[in-house]
Amino acid sequence: HDALPIYLAHTRWGVDPDIHTAAFVRSRSVFLLTSICAASALFLPSAAAISKRLSLHCRKLAQNIIKHRYRSVEIVLAFMVNVPWMPPGKHWADDESCTYLSMALTIAMDLSLHKIIRSSPQSTQLNQHDRVAEADCVSARKALDLDGFDDIEQNSPLGRRLLRRRERAWLALFVLERG
């Protein structure tokens, strides 16, 4: 349902309700779609059985993602969406939240989410005192290409929104990791 990301966005603000519609999420990541549904089902008393099945399916999808080294911003978001709803294990080694957080961080770094997005080579420095090392930047074009949006113009409204989703995911991940 398209309304689900709207309600989830205020708790996990890496999810953008304008971008992460049901159709977009379904086309980009089964793991994120299942994670959103599993988290949503927790709040429906009549959906306890489906909630458990969705959570088990999320775990299976996560193992598949780790095994095959799949990478996307939506996979990072899916790992993050799952963390607050994971039941504590009986032993510290049973707690998968650290594994999920670690996977989200690893994939985010692989996708260069931690880098500053530059719209053009001329924007590498705002002024003489605010220099940013080239290694700490990624061009807007390369960021969109990394995400599989090579047909989207970086300065279009959709292009800017997709680039902001990368930044939003990184900031949300930083906050979750620090929390």
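The values are calculated or read from the model by the stated rules, or taken from the named source; none is laboratory data. What you are looking at is a predicted structure, and each value in this text was computed from that prediction instead of being measured. Don't worry about glycine lacking a Cβ; one is built from the backbone with ideal geometry, like all the others, and counts go over all protein chains shown. When the accessible area is computed, the model is the full protein with side chains, heavy atoms only, and any ligands, DNA or RNA have been set aside. Shrake-Rupley method; radii C 1.70, N 1.55, O 1.52, S 1.80 Å.
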For Glu167, what accessible surface area do you get with a 1.4 Å probe? Give it in Å², rounded to 10. 60
Extension gain from Asp151 to Leu44, taking 0.36 nm per residue of separation minus the Cα-Cα distance: 34.6 nm
Taking all protein chains as present, what is the carbon and sulfur share of the accessible area of segment 32-95, in % to the nearest whole number, probe 1.4 Å? 62
The answer for chymotrypsin sites (Phe, Trp or Tyr not before Pro) in segment 18-114 that fall in a DSSP coil and have at most 15 neighbouring Cβ atoms within 10 Å is Phe43, Tyr70
